[in-house]
Amino acid sequence: MLNIVLFGPPGSGKGTQAEKLIDKYKLTHVATGDILRDEVDRQTDLGKQAKVIMDAGELVPDNIVIDMIRKKLEEHKGGPGFIFDGFPRTVDQARELRKALSKYDENVSIVISLEVPKEVLMERMLKRGKETGRSDDNEETINNRIDVYERQTVPVTYYYDKKHVHVSVDGVGTIEEIFKRIVKKIEEFETYH
Ligand code: AMP
């Protein structure tokens, strides 16, 4: 299986690139943010709890997202692989992902970080907020989401650095240019590992 973690700050283009990678490699998309927004839309108990946290730009508790991941792995085991988008966001989530995958004799193949400067992130998310009405795409929440990313999520890159599966890609450019850079990294990785 090819199991990709698409990593990067909010607004770095993970969702957009994930869609293109899914087309190319036929992977199962696991986007914890999308799953949570679906719970919010359906007004489930979990959705009601999550909405408050998401609107503040904080992280929902690890055990909640990890349960979602375990379910997805079980549903799609034995397929071509997974693309994790917006997960893991804490080192504990990364450890739990490793444990969950190891039950199927699988591991994370590659972690691709999309590098995008803060001003560009802000610009992209404000635009998305206007276009889609996404409630956490407002200036105050965006600032907190970037802070939370720097404090709680960046350490995940050090975890994967130690496992020698982490690569970075310049996330500024056209969608197609960035996609080409990502595919190149995946192909290099597949050749050498
Ligand atoms: P995203 O769509 O990935 O930007 O996620 C939107 C929001 O959902 C985040 O700001 C968090 O509140 C929550 N969320 C998504 N994924 C996770 C995760 N892996 N861990 C904790 N919270 C998450």
So, Pro88, is that one more than 22 Å from Thr132 (Cβ to Cβ) and buried (at least 18 other Cβ atoms within 10 Å of the Cβ) or not? yes
Scanning the stretch 149-187 residue by residue, the ones that are in contact (Cβ under 8 Å) with a residue 12 or more places away in the chain and among the basic types (Lys, Arg) total 3
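Does any residue of the stretch 118-126 turn out to be more than 13 Å from the ligand (Cβ to nearest atom) and touching a Phe, Trp or Tyr at 6+ places or on another chain (Cβ under 8 Å)? Reasoning before the result, please.
Initially, the stretch 118-126 is screened for residues more than 13 Å from the ligand (Cβ to nearest atom), giving 118-120, 122-123, 126.
If we keep only those that are touching a Phe, Trp or Tyr at 6+ places or on another chain (Cβ under 8 Å) as well, we get none.
Checked against the condition, which is being more than 13 Å from the ligand (Cβ to nearest atom) and touching a Phe, Trp or Tyr at 6+ places or on another chain (Cβ under 8 Å), the stretch 118-126 yields no hits at all.
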Apart from one, (1) in contact with a Leu (Cβ under 8 Å, 6 or more places away or on another chain); (2) assigned to a helix (DSSP H, G or I); (3) within 12 Å of the ligand (Cβ to nearest atom) all hold for Leu21; the odd one out is (3)
Flagged in the stretch 93-119 as within 27 Å of Asp55 (Cβ to Cβ) and surrounded by 15 or more Cβ atoms within 10 Å (Cβ to Cβ), in numbering order, are Gln93, Ala94, Glu96, Leu97, Ser113, Leu114, Val116
Counted residues in the stretch 87-130 being polar (S, T, N, Q), assigned to a helix (DSSP H, G or I) and touching a residue at least 24 places away in the same chain (Cβ under 8 Å) come to 1
- Check whether at least one residue in the stretch 6-16 is of a type in the set (D, E, K, R), touching a helix residue (DSSP H, G or I) at 6+ places or on another chain (Cβ under 7 Å) and not in a loop (DSSP other than H, G, I, E, B), and report yes or no. no
Yes or no: the stretch 147-165 includes at least one residue that is over 18 Å from the mean Cα position of the chain (by Cα) and within 14 Å of Leu114 (Cβ to Cβ).
no
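Quick check on my filter: what residues within the stretch 87-135 are at negative phi and of a type in the set (Gly, Ala, Ser)?
The initial filter retains those residues of the stretch 87-135 that are at negative phi, namely 87-104, 106-132, 134-135.
Result: Ala94, Ala100, Ser102, Ser109, Ser113, Gly129, Ser135.
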Apart from one, (1) within 13 Å of the ligand (Cβ to nearest atom); (2) over 23 Å from Glu115 (Cα atoms); (3) out of contact with any strand residue (DSSP E or B) (no Cβ under 7 Å at 6 or more places or on another chain) all hold for Ile69; the odd one out is (3)
Taking the stretch 127-160 and keeping only residues that are within 11 Å of the ligand (Cβ to nearest atom), modelled with pLDDT of 95 or more and among the polar types (S, T, N, Q), one is left with Thr141, Asn144, Gln152, Thr153
Does Ile4 satisfy the condition of being open to solvent by less than 10 Å² (accessible area, probe 1.4 Å), among the aliphatic types (A, V, I, L, M) and within 13 Å of the chain's Cα centre (by Cα)? yes
Is there a residue in the stretch 122-143 that is touching a Ser or Thr at 6+ places or on another chain (Cβ under 6 Å) and either charged (D, E, K, R) or farther than 19 Å from Gly15 by Cα (or both)? no
Being within 15 Å of the ligand (Cβ to nearest atom), open to solvent by 30 Å² or more (accessible area, probe 1.4 Å), among the charged types (D, E, K, R) and assigned to a loop (DSSP other than H, G, I, E, B) narrows Glu39, Glu58 down to just Glu58
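The values are calculated or read from the model by the stated rules, or taken from the named source; none is laboratory data. Bear in mind the structure is a predicted one, so any value in this text is a computation, not a measurement. Backbone-built Cβ (ideal geometry, glycine too); neighbour counts: all protein chains shown. Calculation scope for accessible area: heavy atoms of the full protein, side chains included, ligands and nucleic acids excluded. Shrake-Rupley method; radii C 1.70, N 1.55, O 1.52, S 1.80 Å.
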